[in-house]
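Worksheet for the structure shown next.
The values are calculated or read from the model by the stated rules, or taken from the named source; none is laboratory data. Since the structure is predicted, the reported quantities are computational estimates derived from the model, not experimental observations. FYI the Cβ positions are ideal-geometry reconstructions off the backbone, even for glycines, and counts take in every protein chain you see.
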Amino acid sequence: MISTATPLSTTPGIHTRNLNLWYGSFQALKEVALDIKPGIVTALIGPSGCGKTTLLRCFNRINERYGNVRTTGEIAVLGKNIYDADVSLSELRKAVGMVFQRPNPLPISIRENVLFGVRVHVKRGAYGRGELDAMVESALRDVQLWDDVKDKLKKNALHLSLEQQQKLCIARLLPLKPRVILMDEPCSALDAEGIERIELLLQELRKRFTILIVTHNMAQARRAADECIYMLLGRIVEHDATMKIFHNPREKETEMYVTGRYG
Amino acid sequence: MNKSVFAAKIRRFFRALHGLLQIALDFTEPVMELLIRLCGWSAIVFVFAIFLFVFKEAAPVMFGGMNYTEFFTSINWRPTSVVNPQYGILALIVGTLSVTGLAMLLAVPLGLGAAVYISEFTTGKYKEALKVLIELLAPIPSVVWGFIGYMLIGPIIIKLTGAPVGVNLLNGGITLGLMSVPIIVSVAEDALRAVPDSYREAALSFGASRWETVYRVLFPAAKNGLLAAVLLGIGRAIGETMAVLMVTGHAIKIPHSLLDPVRTLTATIAAELGEAVEGDVHYRMLFVIGLVLFAMTFAINLTADFVVKGIRSEKT
């Protein structure tokens, strides 16, 4: 366990020190200190209400859109404290992409969904049509969606199946070349086959990104994650390699949870 | 009398009472159903009855040698001329369309802007208070708006532009625009509020600003509702009578500038029906104008209706 006194590391990856978060008077995160390694898949596990989604939503500061949230402490993403005054929220979110629990493609065409980030961050006319087309194709190929949708790129994205929608939500992050991808239970709306294909996709993507995934599905954490973080009541209980967490946890609480006796 | 006999009597009494209530219910159920059904049908009946009444008054001239070419293409509306009465409503149609168009030019940006502000840039009590206040504007009687246009906007127009009179196309457009804003805001805000929050979150997670979220995501997502809001505003403006009668100047001509007076279809009917002799051509022509208005508002409302239906079927 990292002591809260350990100075904040600014190497790549995600680091937090003394991170506390309150919703009104309820404290949802307590003294969170983490060093999440770059270039691997890290799973956040723990019973409902333990703060895993809240923690995830700190890393792109999207928590802040609700007025009653108060955060203290430090979070370094890609070597920079994201609460520093000179951090641009827009640039942070460009580097840190997010996939949500329920697929939420925008009610515009498939093509425009993939290009949404580009439209927000790149000046109009910076890319020619051909370059944009290439971006769309490569992003959709990366998530194995290209063959399904190449003939209907102009169609509204809401007509896709849930699994396709979730793949699209991953694909639309790629043109911005994010460094970190946050996933908040990305498979909870999908059937078993869909889950399998999304996990395969994770295995492909892990080489290029730092991936953080919140999951309720223990088997999924086991299959898909290199490291796991077990949280309970807003605190980090244990952070270790997946095999270690599942087979030889250090803490009693972790063992209770991963063996299904608690939570 | 022993206890069990008494209990049996009580039981019998309540059973009888229950039976009576049941009969009453059996009787009221179909009666209530019939009443409710009548209420539903009455709406249809009234619409058709009104249409039939207007049509009945208009029919004798419509099928009795009315000059349709003159009616739709002439700008001369001289119904009271003894020598050569003329019934051309082109200037009136242009009047109605120009006042409505100008009103929408003001009301649509203002209304949609207010809706976006209330829905996306305010929270909590402030949001509710604003919405309630704007909806309070909707039921202000149109004659009051007429007063405001006549007494307030008119003099301002004279002062700023040097126009000889303050009642003209510009005044009509402004007054009517202000009148249409509340309904546009109300419907548009509902449409924006109905957009799932997950869309906003998706856009924000890409680093979009709030304004980018509005025009890149919320506008496409709520486009049907916003269109319905605009169409309802247009419907309100076209059908408005009292305010435009008071503030447009009421001169029959095709306007060449914002400061020209105009006259609308509605104002013509309101102003002349009292003087027209019941049953003569002038009287009936006013009813034909009524039918033209009927057709215009009907078309707009029907469009709005289909558009709103489009929203619902898209959501399912």
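Scanning region A:49-99 for residues that are over 22 Å from B:ARG210 (Cα atoms) and basic (Lys, Arg) returns A:LYS52, A:LYS80. Here region A:155-171 is the region considered, the condition is being of a type outside the set (A, V, I, L, M, F, W, C) and over 26 Å from A:LYS94 (Cβ atoms), and the residue that is surrounded by the most Cβ atoms within 10 Å (Cβ to Cβ) is A:GLU163.
Selection of region A:49-97 for residues being over 18 Å from A:TYR23 (Cα atoms), of a type in the set (D, E, K, R) and more than 14 Å from every other protein chain (Cβ to nearest Cβ) yields A:LYS80, A:ASP84, A:ASP86.
Scanning region B:279-298 for residues that are surrounded by 13 or more Cβ atoms within 10 Å (Cβ to Cβ) and of a type in the set (A, V, I, L, M) gives B:VAL281, B:MET285, B:LEU286, B:VAL288, B:ILE289, B:LEU291, B:VAL292, B:LEU293, B:MET296.
Take region B:204-232 and flag every residue that is assigned to a helix (DSSP H, G or I), facing chain A (nearest Cβ under 7 Å) and of a type in the set (A, V, I, L, M, F, W, C). Selection gives B:LEU204, B:VAL217, B:ALA221. In region A:173-192, the residue that is farthest from the other protein chains (Cβ to nearest Cβ) out of those that are in a loop (DSSP other than H, G, I, E, B) and in contact with a Pro (Cβ under 9 Å, 6 or more places away or on another chain) is A:LEU190.
Screening region A:220-235 for residues that are among the hydrophobic types (A, V, I, L, M, F, W, C) and farther than 11 Å from A:ILE45 by Cβ and picking the one that is surrounded by the most Cβ atoms within 10 Å (Cβ to Cβ) gives A:ALA224. Any idea which of A:ARG141, A:ARG119, A:ARG124 is part of a loop (DSSP other than H, G, I, E, B), surrounded by fewer than 19 Cβ atoms within 10 Å (Cβ to Cβ) and of a type in the set (D, E, K, R)? Exactly one of A:ARG141, A:ARG119, A:ARG124 is part of a loop (DSSP other than H, G, I, E, B), surrounded by fewer than 19 Cβ atoms within 10 Å (Cβ to Cβ) and of a type in the set (D, E, K, R), namely A:ARG124. Only one entry of A:ILE195, A:ILE229, A:ILE170, A:ILE213 meets the criterion of being out of contact with any Asp or Glu (no Cβ under 7 Å at 6 or more places or on another chain), part of a strand (DSSP E or B) and closer than 19 Å to A:ASN104 by Cβ, and that entry is A:ILE213.
Filtering region A:98-116 to residues that are crowded, with 19+ Cβ neighbours inside 10 Å, in a strand (DSSP E or B) and more than 7 Å from every other protein chain (Cβ to nearest Cβ) leaves only A:VAL99.
Of everything listed in (1) surrounded by fewer than 20 Cβ atoms within 10 Å (Cβ to Cβ); (2) touching a helix residue (DSSP H, G or I) at 6+ places or on another chain (Cβ under 8 Å); (3) within 14 Å of chain A (Cβ to nearest Cβ); (4) basic (Lys, Arg), the single unmet condition for B:LYS253 is (3).
Hey, does region B:221-243 have a residue that's touching a Leu at 6+ places or on another chain (Cβ under 6 Å), in the same structural domain as B:ALA191 (by TED's automatic domain parsing) and more than 28 Å from B:SER142 (Cα to Cα)? Yes; the residues of region B:221-243 include at least one that is touching a Leu at 6+ places or on another chain (Cβ under 6 Å), in the same structural domain as B:ALA191 (by TED's automatic domain parsing) and more than 28 Å from B:SER142 (Cα to Cα).
For region B:172-190, does any single residue satisfy the condition of being more than 14 Å from chain A (Cβ to nearest Cβ) and in contact with a strand residue (DSSP E or B) (Cβ under 8 Å, 6 or more places away or on another chain)? Yes, because at least one residue in region B:172-190 is more than 14 Å from chain A (Cβ to nearest Cβ) and in contact with a strand residue (DSSP E or B) (Cβ under 8 Å, 6 or more places away or on another chain). Being touching a residue at least 60 places away in the same chain (Cβ under 8 Å) and in contact with a His (Cβ under 7 Å, 6 or more places away or on another chain) is a description that applies to A:LYS94.
Beta carbons closer than 6 Å, at least 6 apart along the sequence or on distinct chains, never pair a first residue in region B:189-201 that is modelled with pLDDT under 90 with a second that is not aromatic (Phe, Trp, Tyr). All of (1) surrounded by 18 or more Cβ atoms within 10 Å (Cβ to Cβ); (2) at pLDDT below 90 hold for A:ILE213 with one exception: (2).
Of all residues in region A:117-138, which are within 14 Å of chain B (Cβ to nearest Cβ), of a type in the set (A, V, I, L, M, F, W, C) and in contact with a Phe, Trp or Tyr (Cβ under 9 Å, 6 or more places away or on another chain)?
Keep residues of region A:117-138 that are within 14 Å of chain B (Cβ to nearest Cβ), which gives A:117-124.
Applying the additional criterion that residues be of a type in the set (A, V, I, L, M, F, W, C) yields A:118, A:120, A:122.
Scanning region A:117-138 gives A:VAL118, A:VAL120.
No other residue among B:GLY207, B:GLY166, B:GLY154, B:GLY173 is under 23 Å from the mean Cα position of the chain (by Cα) and either assigned by TED's automatic domain parsing to the domain that holds B:LEU102 or in contact (Cβ under 8 Å) with a residue 24 or more places away in the chain (or both) apart from B:GLY173.
Let's see how each residue does on (1) more than 19 Å from the chain's Cα centre (by Cα); (2) over 24 Å from B:ALA59 (Cβ atoms); (3) charged (D, E, K, R):
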{"position": "B:ALA237", "(1), (2), (3)": "no, yes, no"}
{"position": "B:VAL262", "(1), (2), (3)": "yes, yes, no"}
{"position": "B:ILE269", "(1), (2), (3)": "no, no, no"}
{"position": "B:GLY279", "(1), (2), (3)": "yes, no, no"}
{"position": "B:PHE298", "(1), (2), (3)": "no, no, no"}
{"position": "B:ASP305", "(1), (2), (3)": "no, yes, yes"}
